[in-house]
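Just below is one structure, and these are the notes that go with it.
The values are calculated or read from the model by the stated rules, or taken from the named source; none is laboratory data. These numbers come from a predicted model, not from an experiment. Cβ sites come from the backbone with ideal geometry, for glycine too, and all protein chains shown count toward neighbours.
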Amino acid sequence: MNASPTQTLLRQFQTLLLIRSCEEQLVELNRQGAPDTCSSIGQEACAVGVIDALEARDRILTNHRSAAHLIARGADPKRLFAEVLGRVDGYCGGHSGTLHIAARELGVVLTSTIVGGELSLAPGVALAQKMGQGDPGAITAVFFGDGAACEGIFHEALNLAAQWQLPLLFVCENNQWQAYVHRLETMADNAITAWAEGHGIVTESIDGNDLEAVHAAATRAVAAIRADSRPRFLELRTYRLRGHSGQDDQAYVDAEELHHWQSRDPLRRLQQRLTEAGQLDPNTLEAMTREIRSRVEEAVAFAHASPWPDVAALIHPVYA
Ligand SMILES: Cc1ncc(C[n+]2csc(CCOP(=O)(O)OP(=O)(O)O)c2C)c(N)n1
Ligand SMILES: [Mg+2]
């Protein structure tokens with residue numbers, strides 16, 4: 001039986017909460033000595049809105065803020081945390097840490113910590129699909145940041161995708177920051193979509209903190225790609241509410257700008273919308289939060305209990 005629109009929205013809200021809770025826990029694990037992570041706190045609606053518009057047959061490439069994309073795709077927090085802690089039960093057997101996770105079973109081909117690395121490989125994955133690899137009609141989605149859009153590889157990827165008519169969805173999470181540099185120091189305000197349109201690609205620029213708007217735009221783009229096997233481009237305007245990585249104190253961030261975006265927090269907005277529509281009451285919210293908290297605690301315990309990889313096996317899946 002198909003889920004009702006309300007059930008779908010509640011499930012999506014729950015995924016936003018799970019992502020937020022997992023990422024806050026990863027920051028805490030880092031504070032306790034685990035490897036550093038780049039969280040996407042404030043950007044969760046981008047991950048859930050787009051990934052919910054994809055199908056299991058589709059492929060995903062992402063960047064250093066991949067935890068949200070992985071969880072939106074159904075990653076098990078236990079295996080995600082085990083990977084971050086370098087344990088055998090992680091998605092890559094503990095070989096990748098936080099910044100390189102690939103998960104074949106989820107169709108996540110790559111997490112690239114080389115900024116723009118995901119853009120260099122995504123046209124190849126989409127070309128393979130076009131040439132008959134994988135399931136018929138499948139497409140590729142590539143997530144990247146506004147900083148990656150300032151690199152030359154961005155234009156190479158757009159050019160090939162347009163010229164070869166690749167089934168590729170470009171998703172730029174424009175979170176206003178490029179590590180410690182504000183994006184307006186490196187690009188004109190509305191440069192991103194103009195650049196993509198210069199390559200002849202149809203674009204949409206969306207409020208990336210509005211889950212329903214992101215999901216609707218992604219659904220339109222995915223349907224269009226499947227119909228004509230041409231790329232589409234989404235710019236999702238959002239904000240990195242936390243620092244670039246784990247323990248960054250954001251001392252360089254303009255307080256007024258941060259407050260402005262905090263008031264547009266995608267979780268609070270969807271919570272308010274559901275509450276006002278009578279679809280979410282405080283008891284349900286509390287039960288959801290409690291369940292997610294215990295899932296995250298179980299995941300931490302699981303990861304800590306998972307064994308370290310055998311040293312002799314460390315070089316096995318290494319090809320270069
Ligand atoms: C090729 C390359 N240059 C520089 C870095 C260092 N670096 C890591 S993340 C980052 C910022 C990237 O900004 P953006 O693409 O907007 O992604 P965001 O971090 O905002 O999600 C930089 C410069 C890197 N990892 N790779
Ligand atoms: Mg950015």
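Does at least one position in segment 205-224 carry a residue that is among the hydroxyl-bearing types (Ser, Thr, Tyr), surrounded by fewer than 17 Cβ atoms within 10 Å (Cβ to Cβ) and in a helix (DSSP H, G or I)?
Yes, segment 205-224 has at least one match.
Looking at segment 189-202, can you tell me whether even one residue there is among the aliphatic types (A, V, I, L, M), assigned to a loop (DSSP other than H, G, I, E, B) and surrounded by fewer than 17 Cβ atoms within 10 Å (Cβ to Cβ)? Even if it seems obvious, please write down each step before you answer.
Applying the first criterion (among the aliphatic types (A, V, I, L, M)) to segment 189-202 yields 191-192, 194, 196, 201-202.
The next check asks that each one be assigned to a loop (DSSP other than H, G, I, E, B); those that pass are 201.
If we keep only those that are surrounded by fewer than 17 Cβ atoms within 10 Å (Cβ to Cβ) too, we end up with none.
Within segment 189-202, none of the residues are among the aliphatic types (A, V, I, L, M), assigned to a loop (DSSP other than H, G, I, E, B) and surrounded by fewer than 17 Cβ atoms within 10 Å (Cβ to Cβ).
Restricting to segment 161-186, count the residues that are of a type in the set (A, V, I, L, M) and within 16 Å of ligand 2 (Cβ to nearest atom).
Step one: filter segment 161-186 for residues of a type in the set (A, V, I, L, M), giving 161-162, 166, 168-169, 171, 179, 181, 184.
Remaining after also requiring within 16 Å of ligand 2 (Cβ to nearest atom): 171, 179, 181, 184.
The total comes to 4.
For residues that are polar (S, T, N, Q) and in a loop (DSSP other than H, G, I, E, B), scanning just segment 121-176, find the one that is nearest to the chain's Cα centre (by Cα).
Per the criteria, the residue is Asn175.
Restricting the search to segment 121-148, which residues are touching a strand residue (DSSP E or B) at 6+ places or on another chain (Cβ under 8 Å), of a type outside the set (A, V, I, L, M, F, W, C) and away from ligand 2 (no atom under 16 Å from the Cβ)?
Filtering segment 121-148 down to residues touching a strand residue (DSSP E or B) at 6+ places or on another chain (Cβ under 8 Å) leaves 121-123, 125-126, 129, 134, 138-148.
From the residues that got through so far, the ones that are of a type outside the set (A, V, I, L, M, F, W, C) too are 123, 129, 134, 140, 145-147.
Selection gives Pro123, Gln129, Gly134, Thr140.
Is there any pair linking a residue in segment 297-320 that is on the phi < 0 side of the Ramachandran plot and surrounded by 10 or more Cβ atoms within 10 Å (Cβ to Cβ) to one that is modelled with pLDDT of 95 or more and of a type in the set (Phe, Trp, Tyr), with Cβ under 8 Å and at least six apart or on different chains, and which?
Ala299/Phe81; Val300/Phe81; Phe302/Phe81; Ala303/Phe81
Return the residues of segment 252-291 that are under 21 Å from Gly145 (Cβ atoms) and either small (Gly, Ala, Ser) or part of a helix (DSSP H, G or I) (or both); say none if nothing qualifies.
The answer is Glu257, Leu258, His260, Trp261, Gln262, Pro266, Leu267.
Among the candidates Ile101, Ile41, which residue alone is crowded, with 19+ Cβ neighbours inside 10 Å, within 16 Å of ligand 2 (Cβ to nearest atom), in contact (Cβ under 8 Å) with a residue 24 or more places away in the chain and assigned to a loop (DSSP other than H, G, I, E, B)?
Ile41
Checking Gln163 against (1) touching a helix residue (DSSP H, G or I) at 6+ places or on another chain (Cβ under 8 Å); (2) within 17 Å of Arg232 (Cβ to Cβ), which test does it fail?
Exception for Gln163: condition (1).
Six or more apart or on different chains, Cβ under 9 Å: which pairs go from a residue in segment 174-190 that's at negative phi to one that's more than 11 Å from ligand 2 (Cβ to nearest atom) and polar (S, T, N, Q)? Could you list them?
Partner pairs satisfying both residue conditions: Asn174/Ser205; Asn190/Ser205.
Just need a number here: residues in segment 259-304 that are among the small types (Gly, Ala, Ser) and touching a Leu at 6+ places or on another chain (Cβ under 8 Å).
If we filter segment 259-304 for residues that are among the small types (Gly, Ala, Ser), which is where we start, we get 263, 277-278, 287, 294, 299, 301, 303.
In the following step, the residues that additionally are touching a Leu at 6+ places or on another chain (Cβ under 8 Å) were identified as 299, 303.
Number of matching residues: 2.
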